[in-house]
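Every number in this text was worked out from the coordinates using simple rules, so none of it is lab data. Note that the structure is predicted; figures quoted are calculated from it, not measured. Neighbour counts are summed over all protein chains in view; Cβ atoms, including those assigned to glycine, are modelled from backbone coordinates with ideal geometry.
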Amino acid sequence: MKIKHSIIALFSLFSFSCGENPQPQEKTTSEPDSTKAEKIEVVAETPATLYGIPIQNMEIVNGKIQNNKTLSEILTPFGITQASINQMAQHSKGIFDVRKIRAGNKYALFIDTLAADRPTKHFVYEIDALQYVDFSFGDSITAEKREKPKQIKERLVAGEITSSLWNAITGQGIPFQLAYELSNIYAWNIDFFGLQKGDKFKVKYSEVWVDTSFVAIDSIKCAIFNHCGTDFHAIPFKRGDRLDYFDYEGNNLRKAFLKAPLKYSRITSHFSNSRMHPILKICRPHHGVDYAAPIGTPVMTIGDGRVIDRAFHSGAGNMIKVQHNSMYTSVYMHLSKFAANLKVGSIVKQGDVIGYVGSTGLSTGPHLDFRVYKDKTPINPLKMESPSVEPISPDSMAIYKSIRAKLIEELN
């Protein structure tokens, strides 16, 4: 199962100095000075409609789902019977589970003002900022999931790291989700736990807006991240149904191994041949990297492989060992628990969640002790070179170079 990324701890992920976590600010319609170019594609809704429903001769009742409110409590005062509510649940199967209405989400009722009994003709529930489901009441009950009219805005931004990627992005009024998207693209190439002051980035990307509200990052069009004096290009190129990002030479940014086995953390101890053990108080090798993270933080396997050990091991606590090929093996220690259904012999894919951060075994606090072995010899995970997969083929290189030149010219 692929990790479903959280954004709660982005600040700790991208910081190299401690500080107070700033709160993301609500996006307004005004664009920051850092915006270099913007192109807007508008899908407009007919003015006489709301949620795609004609509003002539309709009274609109808007509301928000209250805590512990059921559909029956919301709809029965408007003439919707329990039998009709049961039909709503039946007709919306595969579209939306009515048991999953969430407190705080918006809804609207459309009441026919021309009819003497003023029947409710539509009930609209907003699943999120973009999607909604329209329940229509007529001779039969229907359910249809739709999206609100949206704008796609392209932005071109640049920034420099002074304290963290989070601050470099939000300080310009750029949605903080951009930091998450960049971390995904560069996950195999840049250690975002080790960003340096003076690192720079340029990004062309698109945003999804509904009305005057930012909804999501749509896609990264192109990026250059200068880390420790080296430019890391991210050029999108589609082959078949798969879109990947490539470096300047056409090497796939996807690598055989991820740079780190978890998303939100900080390094507290590095690879060393002689380290004072915090509990045993003796100097001995520490052939791994310690990542401090809250208990329960998902831990991912850095590459495809097979689980060859999953057990409690005294000082290592709950430990998982993954054999990637005849040469490389990775180890994950002090876990609070293992992923469900994971056992010795399980086949795992890069990015699969295999366990969760804990403090089992000889541990002074919640952290992951991560280790990599090459030919059974421990190596420093932070200095491990990982080969690219699926580079641009010679037949496609001319097209790729043309796309690369155009995108880099736009960035510069």
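Values for this structure:
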read-out	value
Charge context of Val322, other residues only, Cβ under 10 angstrom, K/R +1, D/E -1	0
Inter-label distance for Ile152 and Gln56, nm, one decimal - labels placed 7 Å from Cα along Cα-to-Cβ	3.3 nm
Convex hull volume per residue in cubic angstrom - Cα atoms of the stretch 68-216	159 Å³
The stretch 292-394: relative contact order as a whole-number percent, Cα under 8 Å and 6+ apart	32 percent
Gyration tensor over alpha-carbon atoms, the stretch 291-401, equivalent ellipsoid semi-axes in Å	30, 15, 14
For Ile392, net neighbour charge (Lys/Arg +1, Asp/Glu -1) across residues whose Cβ lies under 14 Å away	+1
Per residue Cα convex hull volume in Å³ - calculated over the stretch 215-360	184 Å³
Pairwise label distance in nanometres, Asn68 with Asp241, each label 7 Å out on the Cα-Cβ vector	4.6 nm
Gained length - Ala48 relative to Leu411, 0.36 nm times residue gap less alpha-carbon distance	126.6 nm
Two-decimal ratio, the stretch 186-255, of alpha-carbon radius of gyration to 2.2 N^0.38 Å	1.27
Formal net charge of residues neighbouring Pro77 (Cβ-Cβ distance under 13 Å; K, R +1; D, E -1)	+1
27 Å Cα-Cα reach of Lys349 towards lysines, excluding residues that sit fewer than 8 places from it in its own chain	Lys2, Lys4, Lys221, Lys238, Lys255, Lys259, Lys263, Lys321, Lys337, Lys374, Lys376, Lys383
Kirkwood-type radius of the stretch 370-412, with distances r between different C-alpha atoms, in Å	13.8 Å
Scaled radius of gyration (Cα, divided by 2.2 N^0.38 Å) that the stretch 137-217 gives	1.55
Positive-end extreme of charge dipole, the chain - chosen from Leu130, Gly358, Ser314 (charges on Cβ)	Ser314
Highest-first arrangement of 65-71, 194-200, where packing means the average Cβ count within 10 Å	194-200, 65-71
Dipole in debye (nearest 20) - the stretch 114-200, about Cα centre, beta carbon charges: Lys, Arg +1; Asp, Glu -1	220 debye
Length-normalised contact order for the chain - Cα pairs under 8 Å, 6+ apart - percent	14 percent
Gain upon complete extension [Ala216, Arg306; 0.36 nm per residue less C-alpha separation]	28.9 nm
Size of charge dipole - the stretch 57-110 - debye, nearest 20, with Cβ of Lys, Arg +1 and Asp, Glu -1, no other charges	260 debye
Highest to lowest packing among 176-188, 215-227, 113-125, scored as the average C-beta count within 10 Å	176-188, 215-227, 113-125
Cα-only Debye scattering, the stretch 131-274: base-10 log of I(q)/I(0) at q = 0.10, 0.12, 0.18, 0.20 Å⁻¹	-0.46, -0.62, -1.12, -1.29
The stretch 66-179, dipole about Cα centre (Lys/Arg Cβ +1, Asp/Glu Cβ -1), debye to the nearest 20	140 debye
Residue-averaged 222 nm ellipticity for the chain, from DSSP H runs of 4+ at -39500 (n - 2.57), nearest 500	-3500 deg cm²/dmol
Diffusion coefficient, µm² s⁻¹, Stokes-Einstein with Kirkwood Rh over alpha-carbon pairs of the stretch 47-155 at 10 °C and 1.306 mPa s	109 µm²/s
Ellipsoid semi-axes in whole angstrom, largest first, where each is sqrt(5λ) of the Cα gyration tensor of the chain	46, 29, 20
